[in-house]
């Protein structure tokens with residue numbers, strides 16, 4: 001079976017989502033650790049080795065967490081870049097060519113059907129552009145263009161739009177008449 005062309009994009013989105021969850025967990029751990037450390041420092045019996053051991057462990061974790069969070073935030077920024085790169089690759093290698101092919105096949109089919117009814121090319125061209133079939137495929141090429149959103153949320157919205165366009169194109173491609181595929 002042929003691998004899905006949108007799989008790398010889906011993988012990049014999943015990696016991004018995983019990093020968001022990891023950052024949320026690290027933030028919660030940081031809050032929890034700081035709270036427990038504050039409590040133990042104020043209330044623990046300093047002659048209790050078990051309590052001192054836990055204080056030492058919590059201090060170490062408390063010192064390491066900001067660096068770990070910063071590292072994961074950098075990984076998240078890189079993941080956004082990866083999602084955008086995968087979006088561009090999907091548009092350039094699959095969505096754009098597929099959209100152009102569907103538009104061209106539809107145009108050729110409609111022109112062939114309408115040609116006997118129009119003598120002049122200009123009238124034929126207007127009729128083709130006004131046809132229901134062309135209206136359905138108009139904008140396909142524009143919906144799968146390379147964009148460069150400025151913020152991470154915009155990149156993720158762009159990725160989701162492309163995944164929706166990929167599904168729509170796949171459905172339209174499957175519904176193309178067999179004669180057009182020849």
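Identify all residues within the stretch 1-12 that are surrounded by 11 or more Cβ atoms within 10 Å (Cβ to Cβ), over 14 Å from residue 94 (Cα atoms) and out of contact with any helix residue (DSSP H, G or I) (no Cβ under 6 Å at 6 or more places or on another chain); write none if there are none.
Those that are surrounded by 11 or more Cβ atoms within 10 Å (Cβ to Cβ), over 14 Å from residue 94 (Cα atoms) and out of contact with any helix residue (DSSP H, G or I) (no Cβ under 6 Å at 6 or more places or on another chain): 10, 11.
Pairs, please: C-beta under 8 Å, at least 6 apart or cross-chain, first residue touching a residue at least 60 places away in the same chain (Cβ under 8 Å) and at negative phi and in the stretch 139-168, second part of a helix (DSSP H, G or I) and surrounded by fewer than 17 Cβ atoms within 10 Å (Cβ to Cβ)?
149/157; 152/77; 163/10; 165/143
Just to check your reading of the model, which residue among 128, 155, 144 is buried (at least 17 other Cβ atoms within 10 Å of the Cβ) and at pLDDT below 90?
Going through 128, 155, 144 in turn, just one is buried (at least 17 other Cβ atoms within 10 Å of the Cβ) and at pLDDT below 90: 144.
Please state which one of 92, 105, 135 is loosely packed, with under 14 Cβ neighbours inside 10 Å, over 18 Å from residue 6 (Cβ atoms) and within 29 Å of the chain's Cα centre (by Cα).
Only one candidate passes the filter, namely 135.
Please go through (1) exposed (fewer than 13 other Cβ atoms within 10 Å of the Cβ); (2) under 27 Å from residue 12 (Cα atoms) for residue 98 and return the number of the only condition it doesn't satisfy.
(1)
Assuming residue 82 fulfils every condition listed in (1) under 19 Å from residue 169 (Cβ atoms); (2) under 16 Å from the mean Cα position of the chain (by Cα); (3) surrounded by 17 or more Cβ atoms within 10 Å (Cβ to Cβ) apart from one, which condition is it?
Of (1) under 19 Å from residue 169 (Cβ atoms); (2) under 16 Å from the mean Cα position of the chain (by Cα); (3) surrounded by 17 or more Cβ atoms within 10 Å (Cβ to Cβ), only one is false for residue 82: (1).
Looking only at the stretch 18-54, how many residues end up being surrounded by 13 or more Cβ atoms within 10 Å (Cβ to Cβ), over 39 Å from the mean Cα position of the chain (by Cα) and assigned to a helix (DSSP H, G or I)?
Final tally of qualifying residues: 6.
Only one residue in 113, 178 is surrounded by fewer than 17 Cβ atoms within 10 Å (Cβ to Cβ), modelled with pLDDT under 90 and more than 30 Å from residue 26 (Cα to Cα). Which one?
178
Let me spell it out: the conditions are (1) modelled with pLDDT under 95; (2) in a helix (DSSP H, G or I); (3) surrounded by fewer than 13 Cβ atoms within 10 Å (Cβ to Cβ), and residue 70 meets all of them except one. Which number is the exception?
Tallying (1) modelled with pLDDT under 95; (2) in a helix (DSSP H, G or I); (3) surrounded by fewer than 13 Cβ atoms within 10 Å (Cβ to Cβ), residue 70 fails exactly one: (1).
The values are calculated or read from the model by the stated rules, or taken from the named source; none is laboratory data. What you see is a predicted model; the values in this text were computed from it and never measured. Virtual Cβ from ideal backbone geometry, glycine too; neighbours counted across all protein chains shown.
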